Amino acid sequence: MEHERENDAVDAADSSAAGSAGRDDAAAGSAAADSSAADSSGMDRRSFLKGIGVAGALAAVGATVVACSPEAPAASDAAEGTPASPEVAAEADNAWDTKPPSVQDQVASSEDHEVIVVGAGNSGVVLALEAAQLGGEVLILEQSGGATMWAGDIDACDSKLMLDAGYQVDKEYIIHDLMRYASGKADENLIRLWAYNSGAFVDWYQENLQKKNLDVMLDTIRKKFYPENFYYTNVYHSAFKPPLEATANPMGSEVAMPAMLELFAEAGGSVNYSTRVVELVQEAGGKVTGVIAQQEDGSYVQYNASRGVVLATGGFLGNRDMMDQLGVACHKYCTNHIGGDGRNGDGIKLATWAGADRDTSLAGSMLIFDRGCITAGGDGDLGGQGGGNPSFWWPGSQPFLRVNSLGKRFCNEDGPYDFEFNTAVQQPGHFWWQVFDGSSWEDVVNFGTTICSRVVAEEGAKNCLLLGQFYPCRDAQEWNDVYIQPNVDNGNLLTADTIEDLAAQMGVPADAFLATVERYNEVVASGTDTDHSKAPWRLSAIDEPPFYAAKMAGWALATLGGIHVNYDFNAVDKAGNPIEGLYLSGNDVGGFFNGNYPQLYGGLCMGRCVTLAWLAAHSIMGVEYPTPLESARAAFNTV
Ligand SMILES: Cc1cc2nc3c(=O)[nH]c(=O)nc-3n(C[C@H](O)[C@H](O)[C@H](O)COP(=O)(O)OP(=O)(O)OC[C@H]3O[C@@H](n4cnc5c(N)ncnc54)[C@H](O)[C@@H]3O)c2cc1C
């Protein structure tokens, strides 16, 4: 497969400047640079977009979306000299993979390093720390002024913590369950590498955190399903600072990231903040040998990498055109996109221009929680591009009654967060109302939800402070002070003393809503949900004023599709050949999830990001994986 080659850059025109403020050591050097690729698979952009557009839209939301117009012109149309109309030209320019001009000729200086990691996020920092501890000279380039401090629940198989607590999981069952979740649109062996090495990763993570007086806990409190075992769900890990308090503990990356950055510096690593990578340096033969990054002052520096460049830029939730054009579609129904800032798809763009292949049919491939709230503050561009209202109603995942804009119940409210979201998006207006009453504290105690939807503190659970404001409560007063009153005050929660008044405030047909509440209370009184077969202990009557309602939509946390890699985490081209020197990590990596996110595997997104990043460090440093794929395969035959 022959590719034409020329320099490529990401948005050279609009990237911001950065100084080397956060720099710990000085390095200089330069290398010849030329790069980038044109697609030669015989599939031009028009047919590719057509494929994605139609499949994406129809699959995700039943043809209500024009995820990306199949008429979108290929950049090459313009290139072939056919006089493109201004609209066509503008749209071609707007294509997510339109390459900006190279900035190679503006490079002011260059430096030599062994490993360049692009992105001080959850996967980038894990990879950098392990590569440095394995003897590599590693530099992280981070566009913002600090590392990512969110996330932290980690799903893994057979860590020491799990085995000591008597938990041994059937990894082959999990691999096949995850392939089923992805409708087969994933790479089984990538999932297998996670399954057979994630335990060793957590052991390494715990060992390192203990050096900084931190530790890792195992949350073993699993959700009870109805019917029993209808779904598989896991136990999961989180970093914490001992001793654990009863609730509101800072946990996860918030405590782990500073410690890992300290360990990284002690291992000789360095981080440049406010340094945005805009271009890859690629030799004529295809090998990637470095990057060009824009500094805070607007100047460009070339960073050469003798062992490899790792792209770990966190996916593309912050790039709505890209989500549109790649047919993700569900972002349009998520009114809250907190998690997208700065995740503009840079890694995926850079790898694509270097010739890398990526996931196709990305409809619905997103980490979505059913906690976006649009009662107040506008509809968040629901059905447009989404992401216009950063409000949360954290207990949005509690299985209270849900009604649509017609005041009618439409589902079993006790499913995985994104399945509930997907069901509601099919309803008129693409939103839903969550309705509950004055006995809400007793109800949430009975519901017993777990993982990050947990709102009731429990011995042995991860009772952590999330996003600086949400945490599991110990009693009714705390529930009211943390969740109810603040949200009545900020308008997220409507409240009324009668159902009629609540219906009026919600703007739903009062007769229909009253009938729904009556029917729901009959079901609750009977003890069996003959309408939607919800678990009996998750039924709660709506009969005790004050009554509450929140208007809900999706919260998008991260995109899940990305670039195809081989089992050394090298990017691969459309023929499956590795692109030497180019590695991917985190949410930029494709082939693991597709079409939804397996919510009941709490912490799996992070679990795969950090485990595969850790393995990529082994690959770059030429060190064998704790369980190489072959042994994982061999293990399969012995299970
Ligand atoms: C609020 C929140 C909580 C989450 N909690 C969990 C959880 O508990 N468990 C779980 O499984 N998943 C969780 N996730 C999902 C997922 O694990 C996270 O998105 C995770 O941070 C992804 O890691 P990453 O390394 O791919 O990207 P990120 O951690 O997002 O890091 C990417 C980094 O790259 C930088 N960057 C981007 N472009 C450039 C560029 N051109 N040059 C230089 N730097 C660049 C960004 O600034 C960022 O620092 C959460 C997501 C969110 C938003």
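Couple of notes before you dig in:
- Residues in the range 582-599 that are open to solvent by less than 10 Å² (accessible area, probe 1.4 Å), at negative phi and assigned to a helix (DSSP H, G or I): Asp588 alone.
- Residue within the range 320-337 that is open to solvent by 10 Å² or more (accessible area, probe 1.4 Å) and either assigned to a strand (DSSP E or B) or out of contact with any helix residue (DSSP H, G or I) (no Cβ under 9 Å at 6 or more places or on another chain) (or both) present: no
- Taking the criterion of being more than 21 Å from Cys452 (Cβ to Cβ), open to solvent by less than 10 Å² (accessible area, probe 1.4 Å) and either among the basic types (Lys, Arg) or within 16 Å of the ligand (Cβ to nearest atom) (or both), the residues of the range 536-581 that qualify are Gly561, Gly562, Ile563, Phe569, Ala571.
- Residues of the range 261-284 satisfying the condition of being without any contact (Cβ under 8 Å) to a residue 12 or more places away in the chain and under 24 Å from Asn570 (Cα atoms): none
- Tally, over the range 133-190, of residues that are open to solvent by 30 Å² or more (accessible area, probe 1.4 Å), among the polar types (S, T, N, Q) and either more than 9 Å from the ligand (Cβ to nearest atom) or not in a loop (DSSP other than H, G, I, E, B) (or both): 3
- Single unsatisfied condition, Asp370 versus (1) within 14 Å of the chain's Cα centre (by Cα); (2) open to solvent by less than 10 Å² (accessible area, probe 1.4 Å); (3) closer than 30 Å to Ala550 by Cβ: (1)
- Residue satisfying all of: in the range 234-246; surrounded by 19 or more Cβ atoms within 10 Å (Cβ to Cβ) and not aromatic (Phe, Trp, Tyr); farthest from the ligand (Cβ to nearest atom) among these: Val235
- Selection status of Gly602, within 11 Å of the ligand (Cβ to nearest atom), open to solvent by less than 10 Å² (accessible area, probe 1.4 Å) and either in contact with a helix residue (DSSP H, G or I) (Cβ under 9 Å, 6 or more places away or on another chain) or outside any loop (DSSP other than H, G, I, E, B) (or both): yes
- Scan of the range 367-390 for residues that are within 20 Å of Gly507 (Cβ to Cβ) and in contact with a His (Cβ under 7 Å, 6 or more places away or on another chain), ordered by number: Leu382, Gly383
- The range 558-581, subset assigned to a strand (DSSP E or B) and of a type in the set (Asp, Glu), residue nearest to the chain's Cα centre (by Cα): Asp573
- Among residues of the range 399-435 being charged (D, E, K, R) and in contact with a Pro (Cβ under 6 Å, 6 or more places away or on another chain), the one that is surrounded by the most Cβ atoms within 10 Å (Cβ to Cβ) is Glu413.
- Among the residues of the range 380-398, those identified as open to solvent by 10 Å² or more (accessible area, probe 1.4 Å) and assigned to a loop (DSSP other than H, G, I, E, B) are Asp381, Leu382, Gly383, Gly384, Gln385, Gly387, Gly388, Pro390, Ser391.
- Extreme residue, nearest to the chain's Cα centre (by Cα), among residues of the range 252-283 that are in a loop (DSSP other than H, G, I, E, B) and within 13 Å of the ligand (Cβ to nearest atom): Gly252
- Those residues of the range 473-511 which are part of a helix (DSSP H, G or I), crowded, with 16+ Cβ neighbours inside 10 Å and within 34 Å of the chain's Cα centre (by Cα), in sequence order: Glu478, Trp479, Val482, Tyr483, Ile484, Asn487, Met506
- If the condition is being within 16 Å of the ligand (Cβ to nearest atom), closer than 23 Å to Phe569 by Cβ and open to solvent by 30 Å² or more (accessible area, probe 1.4 Å), then the range 293-317 contributes no residue at all.
- Test: residue in the range 594-602 that is of a type in the set (A, V, I, L, M, F, W, C) and at pLDDT below 95: yes
- Residue identified as near the ligand (Cβ under 10 Å from one of its atoms) and more than 30 Å from Gln505 (Cα to Cα) among Gly286, Gly339, Gly290: Gly339
The values are calculated or read from the model by the stated rules, or taken from the named source; none is laboratory data. What you see is a predicted model; the values in this text were computed from it and never measured. As a convention, Cβ positions derive from the backbone with ideal geometry for all residues, glycine included, and neighbour counts pool all protein chains shown. These area figures cover heavy atoms from the full protein model, side chains too; ligands, DNA and RNA do not enter into them. Shrake-Rupley method; radii C 1.70, N 1.55, O 1.52, S 1.80 Å.
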